[in-house]
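First the structure, in the form of structure tokens, and then the observations on it.
The values are calculated or read from the model by the stated rules, or taken from the named source; none is laboratory data. It should be emphasised that the depicted structure is a prediction, and the values quoted were computed from it without experimental measurement. Cβ coordinates were reconstructed from backbone atoms using ideal geometry, including for glycine residues, and neighbour counts include every protein chain displayed.
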Amino acid sequence: MNYNSNEITNLIEQLSKLPGIGGKSAQRLAFHIIDMPLEQVEKLSDTILTTKQKVRCCKSCYTLTDQEVCPICSSESRDHHVVMVVEDTRDLLAYERTGRYNGVYHVLHGALDPSIGRGPEDIKLKELLVRLQSEDVDEVIIATNSDVAGEATAMYLSKLIKPSGIKVSRIASGVPIGGELECIDEVTLLRALEGRVEL
Ligand code: ZN
């Protein structure tokens, strides 16, 4: 029996599509939203919509931003000769939280993974190569995850970039195998960065 109204059921269904939200959590959130003052709910839904509409990729590093060029790429105090390659914007944020990396980034939006059919054309790899040709870069630090896809991507990138004479390094294996960068604490991230090895 559908005890709830259709609207409530629909809201629970929509919320349960979000990652990490099971049926019970979705139900709890739905009833919480219903109890919230209308203006708070409007603010929440407006924020979700506006964020979705305004956020795009930085035209230089491809991180998610609401500007044409993100604050990191447009900053003169960053070292534009060092480019750290990460899988997604969450990894970039993890390194930014350490406050100790002063270079710029390139966000691939994924890693090479034949098991799900993700090849070089499906990530921002060509964009990186084009960028390296037009910008004066001394070092590329590959900071993809240490799982199979991340390692494969690192090897692939290194083979492509090294002939250009640009130094290519890989963050140290202090990052746990299969570990997603965003979940790793800042000390471990810093150690991985400082202990990076040239490929
Ligand atoms: Zn950028």
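Structure notes:
- From 124, 43, residue being outside the structural domain of residue 169 (by TED's automatic domain parsing) and either among the basic types (Lys, Arg) or within 16 Å of the ligand (Cβ to nearest atom) (or both): 43
- Filtered residue count, region 71-92, keeping only those that are farther than 21 Å from residue 138 by Cβ, within 13 Å of the ligand (Cβ to nearest atom) and surrounded by 14 or more Cβ atoms within 10 Å (Cβ to Cβ): 1
- Residue count for region 46-66 satisfying the condition of being out of contact with any helix residue (DSSP H, G or I) (no Cβ under 8 Å at 6 or more places or on another chain) and within 16 Å of the ligand (Cβ to nearest atom): 5.
- Test: residue 13 is more than 16 Å from the ligand (Cβ to nearest atom) and surrounded by 11 or more Cβ atoms within 10 Å (Cβ to Cβ): yes
- Qualifying residue in region 94-113 (condition: in the same structural domain as residue 66 (by TED's automatic domain parsing), touching a His at 6+ places or on another chain (Cβ under 8 Å) and on the phi < 0 side of the Ramachandran plot): yes
- Exclusive hit being within 30 Å of residue 125 (Cα to Cα) and assigned to a helix (DSSP H, G or I), set 50, 9: 50
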